[in-house]
Amino acid sequence: MKWPALVEHSQYGDHMTEIPRDPTNHDVVLIPVEQVQLGFSLLIDEGQGPQVFHVDNVRFRSLQGADGSYVGTYLMTAERGEDADPWKVEYAAGTQVSRIM
């Protein structure tokens, strides 16, 4: 799948880069969140348009739901600079995420 260049400027600071202007240079593939590793670049859209998320940390967590069952999740962090809080996203195990190749 090719991803078109939709974002002009990132609201997440210098660490979150804009999507490349030439969509033929970068393939976007869906992978299970369990395969995400440090250094991967993901395409994340949390309602403000797609943003590039550079994975600086990945952590598995087990959370208890309201019904008492446990759900495995993956918490990923991207650093945004000295004075900014890191950008965090969390997905349930089995979720497909978009990796920029």
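Quick notes on this one:
- Computed from phi, the 3J(HN,Hα) profile of the range 30-36 under the Karplus parametrisation 6.51, -1.76, 1.60 (θ = phi - 60°) reads 7, 9, x, 4, 5, 8, 5 Hz, with x in place of Gly and Pro.
- Computed log₁₀ I(q)/I(0) - Debye formula, equal Cα scatterers, no solvent, the range 23-100, q 0.23 Å⁻¹: -1.12
- Packing-based ranking, highest mean first, of 73-80, 92-99 given that Cβ atoms within 10 Å are counted: 73-80, 92-99
- Ordered by the count of other Cβ atoms within 10 Å of each Cβ, fewest first, Phe60, Phe40, Phe53 give Phe60, Phe40, Phe53.
- Full-extension gain in nm, Val58 to Ile31, via 0.36 nm per residue minus C-alpha separation: 8.2 nm
- Normalising the average separation of contacting C-alpha pairs (under 8 angstrom, six or more residues apart) by the number of residues puts the relative contact order of the range 23-100 at 37 percent.
- Projected label points at Leu75 and Thr95, each 7 Å from Cα along the beta carbon direction, are separated by 1.3 nanometres.
- Of Glu82, Glu46, the sequence from fewest to most neighbouring Cβ atoms within 10 angstrom is Glu82, Glu46.
Laboratory data are not the source of any read-out in this text; all were calculated from the coordinates shown. Owing to the predicted nature of the structure, the values given are computational and were not obtained by experimental measurement. Backbone-built Cβ (ideal geometry, glycine too); neighbour counts: all protein chains shown.
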